[in-house]
């Protein structure tokens, strides 16, 4: 209920603010104006507080100790990761996650040592947003959350609250202990990505759109467990009209029917089971595709959007994120 | 003596030719092994000596990248709108930016292990993806995939996908926006000033 309300609230806000949203041109990001403001705020906060604290932490703590802290928090996350793997039908992966938790909590001394990885139980990356995505829920509009950063309607409003409830630290009765642990986890996470954020600062012409593109691509890849089908290239497929939702939904449907197994196997199965014409995208010949799209542009063809405005978000597949974004635009 | 030289030249040419038809995954593996071995022996590079890292990347890595294709892909439908001179400048500036970024990523190298996944490709394929996993203690493994194309000069990388994020796709959006606002020359200007900013930054770091 709360989630539905958040969505409605956002739609209303969108209607009111649509006029002042800058036209960045990304159909996933109808709220670019607000998002950029929140992004600036986060960036300022990071520069002023979070990054200095994380840098200090990294320079003070010996590397071994930092890895221990990271492992401790990572171990607590494995339970919820296992739940989500089971919810996605990947029972084997889920069992491996629970096994990791058992092994690391005991032999690994409360999770400080990651003995499970050495024993061949690989760490997975799952959350409830990915579970929703796996079942075909589109991402919806891109949102930058205060402090937490890039997200979208599905992951931010639909799943994050539940993800927090799936994290054991949430259930610590002693509130100040709980808050300290949450803060420690934030600092630890930030310290681990210091190198990456420095790289992004170096590489990006526009940090905002770089972060947005990276988030959207990364989430899509995670939902397909690292093997997403090639995405229709917006530059190369001016005619990607109403056919898009079915095309994107097909691999997911196929994955659902695939025998339950490891993440990779189901993703591979998704490729195999989907009719080739549904996943074969023009991007396989990118240069040719560009030429083709250019001649199409010359003929005056415009990328068309689905006419069905009432189509539910559910069932649109991950491609739904783009479509939903387009739909949300006033 | 002359004959010996001729034989030697022939032999060199032949070995060069055989190096060119190296399988794409073997090629990526050779390059990473070689680059890592060099960094492991060089304290300056480990400390982040930018210029030294850049010349290493220039010599060992770049010959295996197809920057023309990368730039064309990153510009997408705007590529044919650039004239020959603009194209040349774009390729040069984009190349410089990528070298900077890549070298500073290498400076962070700390005993990560690179695993190669089996190559899923037929012998006749001319476009393949070499998939690797970079493992490190205390962190989730990161997938790094190389999109490669077979050219007369051997296999060339035209995109790198890190953790599911394609470099070329990610740049395309920014490039499109820059071109929308300031045309092709606007993009060239932004790239050049970005490179200059990075130049002065690494200069500060060296002091």
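Of the residues in region B:22-43, at least one is modelled with pLDDT under 85 and either under 18 Å from the mean Cα position of the chain (by Cα) or assigned to a helix (DSSP H, G or I) (or both).
Residues checked against (1) closer than 30 Å to residue A:71 by Cα; (2) within 9 Å of chain A (Cβ to nearest Cβ); (3) out of contact with any strand residue (DSSP E or B) (no Cβ under 6 Å at 6 or more places or on another chain):
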residue	(1), (2), (3)
B:134	yes, no, no
B:148	no, no, no
B:182	no, no, yes
B:200	no, no, yes
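Looking at region A:193-214, which of its residues are within 9 Å of chain B (Cβ to nearest Cβ) and touching a strand residue (DSSP E or B) at 6+ places or on another chain (Cβ under 8 Å)? The answer is A:212, A:213, A:214. Among the criteria (1) farther than 27 Å from residue B:189 by Cβ; (2) at pLDDT below 85, the one residue A:219 does not fulfil is (2). Does residue A:182 satisfy the criteria of being more than 13 Å from chain B (Cβ to nearest Cβ), crowded, with 19+ Cβ neighbours inside 10 Å and at pLDDT 85 or above? Judged against the criteria, residue A:182 is not a match. If I filter region B:88-97 for residues that are within 11 Å of chain A (Cβ to nearest Cβ) and free of Cβ contacts under 8 Å to residues at least 40 places away in the same chain, do I get at least one hit? No, region B:88-97 contains no residue that is within 11 Å of chain A (Cβ to nearest Cβ) and free of Cβ contacts under 8 Å to residues at least 40 places away in the same chain. Screening residue B:176 on (1) at pLDDT 90 or above; (2) exposed (fewer than 14 other Cβ atoms within 10 Å of the Cβ) shows it passes everything except condition (2). Looking across region A:59-71 at every residue that is surrounded by fewer than 17 Cβ atoms within 10 Å (Cβ to Cβ) and either in contact with a strand residue (DSSP E or B) (Cβ under 9 Å, 6 or more places away or on another chain) or within 14 Å of chain B (Cβ to nearest Cβ) (or both), the one that is modelled with the lowest pLDDT is identified as A:63. The condition of being in a loop (DSSP other than H, G, I, E, B) and closer than 19 Å to residue A:211 by Cβ holds for residue A:147. Taken over region B:104-129, the criterion of being surrounded by 14 or more Cβ atoms within 10 Å (Cβ to Cβ), at pLDDT 85 or above and under 30 Å from residue B:44 (Cα atoms) is satisfied by B:114, B:116.
Of the residues making up region A:103-133, those that are within 14 Å of chain B (Cβ to nearest Cβ), modelled with pLDDT of 90 or more, part of a helix (DSSP H, G or I) and farther than 16 Å from residue A:83 by Cβ are A:104, A:115, A:116.
Taken over region A:217-227, the criterion of being facing chain B (nearest Cβ under 9 Å) and over 19 Å from residue B:134 (Cβ atoms) is satisfied by A:219, A:220, A:224.
The values are calculated or read from the model by the stated rules, or taken from the named source; none is laboratory data. Values in this document were obtained by computation on a predicted structure and should not be read as measured data. Cβ atoms come from the backbone with ideal geometry, glycine included; neighbour counts cover every protein chain shown.
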